[in-house]
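Chemist: Got a structure for you, written out below as structure tokens; questions coming shortly.
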Amino acid sequence: MARKPKALLEELSYPGPHDVLRGNLALVGTPGMVFAPREGLNLPAVAFGHGWLQPVHRYRGLLRHLASWGIVTAAPATQLGPFPSHRIFAANLRDSLDAVAKVRLGQNGISVDPARLGLAGHSTGAGSAVLAAAAERAPEVRAVATIAPAQTVPSASEAAKGLRMPSLHLAAENDLVAPPTGHAKAIAHAWGGPVRLRTIEKSTHLSVTEGFHWTQLLMQGKPHHGTRRLVYALLTAFFLTHLAGKKEYQPLLENDVKRAPIDFEREGADVR
């Protein structure tokens, strides 16, 4: 019997069964952080793009959470200035994903399956993840998730038109930095393949981050535990379903949950 979405949400909002190791992504050529289960072979992996002006340590909880559920996560710490190149950051995400797929990690020789790769990000890091998925000669990406995504240069919504892998987009209801209408909704509606858009109620642009950072004095929003809990569970369900093949978590993706209703969805490729 399929479990109810509420029970799945509760389960996935807590850390998973794996002990987690943290490493330095610079060891494989790019500054940043990598989190991985203590052991495992042919694991799925996700490269995560930080938001505008946000240091990667503001996403440690999310990265560690995914790793505790068996997903290797890599977060490049590049393009941190006020005028980042989204195109270069997209290349950094692709390089990070390619690196963890080719190099054994940790003392136990953890390995990543190059056929089980995903991309995710927050703010302009989310838009850059879309660009990374659409780039030529990129590692083959099986799934893409965005959190309060922001448009990029070149346009993330234009890049989304050519993408056919499943996607999940989480908009922040009270986002004044990247309002859902011109950003998350535009990207989701342009997506060429299976897509779901949820709007997280009572959340702002920075709700998914953790800790204090000086940008909170300039940008709207601040960390919010309830939003992080929702995001952790939804992203874990999404990547376990589409990268690890664990279909038992699919009911959480297909149904509304409290504070995160489905606003838009489309199955299969869009016919243009």
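The values are calculated or read from the model by the stated rules, or taken from the named source; none is laboratory data. Given the structure is predicted, the values throughout are model-derived calculations rather than measurements. When we count neighbours, we look across all protein chains shown, and the Cβ atoms used for this are built from the backbone with ideal geometry, even at glycine. These accessible areas exclude ligands, DNA and RNA; they are computed on the full protein's heavy atoms, side chains included. Shrake-Rupley method; radii C 1.70, N 1.55, O 1.52, S 1.80 Å.
Chemist: Given the criterion touching a Pro at 6+ places or on another chain (Cβ under 8 Å), of a type in the set (Gly, Ala, Ser) and under 16 Å from Phe264 (Cβ atoms), identify the matching residue among Ala160, Ala190, Ala172, Ala143.
Modeler: Selected residue: Ala172, the only one of Ala160, Ala190, Ala172, Ala143 that is touching a Pro at 6+ places or on another chain (Cβ under 8 Å), of a type in the set (Gly, Ala, Ser) and under 16 Å from Phe264 (Cβ atoms).
Chemist: Name the residue, out of Thr78, Thr124, that is crowded, with 20+ Cβ neighbours inside 10 Å, closer than 20 Å to Leu168 by Cα and among the polar types (S, T, N, Q).
Modeler: The unique qualifying residue is Thr124.
Chemist: Condition check: open to solvent by less than 40 Å² (accessible area, probe 1.4 Å), outside any loop (DSSP other than H, G, I, E, B) and farther than 21 Å from Tyr14 by Cα. Does Leu240 satisfy that?
Modeler: No, not satisfied.
Chemist: Another question, if that's okay. Which of (1) closer than 16 Å to His242 by Cβ; (2) open to solvent by 10 Å² or more (accessible area, probe 1.4 Å); (3) modelled with pLDDT of 90 or more does His86 not meet, given it meets every other one?
Modeler: Going through (1) closer than 16 Å to His242 by Cβ; (2) open to solvent by 10 Å² or more (accessible area, probe 1.4 Å); (3) modelled with pLDDT of 90 or more one by one, His86 breaks only (1).
Chemist: Just need a number here: residues in region 194-214 that are in contact (Cβ under 8 Å) with a residue 60 or more places away in the chain and on the phi > 0 side of the Ramachandran plot.
Modeler: Counting residues in region 194-214 that are in contact (Cβ under 8 Å) with a residue 60 or more places away in the chain and on the phi > 0 side of the Ramachandran plot gives 1.
Chemist: Return the residues of region 182-202 that are in a helix (DSSP H, G or I) and in contact with a Lys or Arg (Cβ under 6 Å, 6 or more places away or on another chain); say none if nothing qualifies.
Modeler: Ala190
Chemist: While we're here: Could you look through region 129-141, keep only residues that are in contact with a Lys or Arg (Cβ under 8 Å, 6 or more places away or on another chain) and crowded, with 17+ Cβ neighbours inside 10 Å, and pick out the one that is modelled with the lowest pLDDT?
Modeler: The extreme case among them is Ala138.
Chemist: What is the number of the single condition among (1) more than 18 Å from the chain's Cα centre (by Cα); (2) hydroxyl-bearing (Ser, Thr, Tyr); (3) within 20 Å of Gln54 (Cα to Cα) that Ser207 does not meet?
Modeler: (1)
Chemist: A further question follows. Within region 155-162, is even one residue under 15 Å from the mean Cα position of the chain (by Cα) and either among the charged types (D, E, K, R) or open to solvent by 20 Å² or more (accessible area, probe 1.4 Å) (or both)?
Modeler: no
Chemist: As an exercise: evaluate Leu168 against (1) of a type outside the set (Phe, Trp, Tyr); (2) under 20 Å from Ile71 (Cα atoms); (3) more than 14 Å from the chain's Cα centre (by Cα); (4) open to solvent by less than 10 Å² (accessible area, probe 1.4 Å) and give the number of the one condition it does not meet.
Modeler: (3)
Chemist: Taking the condition of being free of Cβ contacts under 8 Å to residues at least 60 places away in the same chain and either open to solvent by 10 Å² or more (accessible area, probe 1.4 Å) or over 15 Å from the mean Cα position of the chain (by Cα) (or both), how many residues in region 47-67 meet it?
Modeler: The qualifying residues number 2.
Chemist: Any chance you could count how many residues in region 64-121 are touching a Lys or Arg at 6+ places or on another chain (Cβ under 9 Å), within 26 Å of Leu53 (Cα to Cα) and among the basic types (Lys, Arg)?
Modeler: 2
Chemist: Still on this structure, I have one more. Please enumerate the residues belonging to region 246-272 that are open to solvent by less than 50 Å² (accessible area, probe 1.4 Å) and within 18 Å of the chain's Cα centre (by Cα).
Modeler: If the condition is that a residue be open to solvent by less than 50 Å² (accessible area, probe 1.4 Å) and within 18 Å of the chain's Cα centre (by Cα), then Tyr249, Leu252, Leu253, Ala260, Ile262 are the ones that fit.
Chemist: Right, next: Given (1) assigned to a helix (DSSP H, G or I); (2) open to solvent by 10 Å² or more (accessible area, probe 1.4 Å); (3) small (Gly, Ala, Ser), where does Gly211 come up short, assuming only one miss?
Modeler: (1)
Chemist: Please work out if Thr73 is part of a loop (DSSP other than H, G, I, E, B), on the phi < 0 side of the Ramachandran plot and hydroxyl-bearing (Ser, Thr, Tyr).
Modeler: For Thr73, the condition - part of a loop (DSSP other than H, G, I, E, B), on the phi < 0 side of the Ramachandran plot and hydroxyl-bearing (Ser, Thr, Tyr) - is not met.
Chemist: Please count how many residues of region 171-185 are under 26 Å from Gln250 (Cβ atoms) and either buried (at least 24 other Cβ atoms within 10 Å of the Cβ) or without any contact (Cβ under 8 Å) to a residue 40 or more places away in the chain (or both).
Modeler: Qualifying residue count for the region: 5.
Chemist: Another question, then. Of all residues in region 214-236, how many are open to solvent by 50 Å² or more (accessible area, probe 1.4 Å), outside any loop (DSSP other than H, G, I, E, B) and more than 27 Å from Lys6 (Cβ to Cβ)?
Modeler: Of the residues in that region, 2 qualify.
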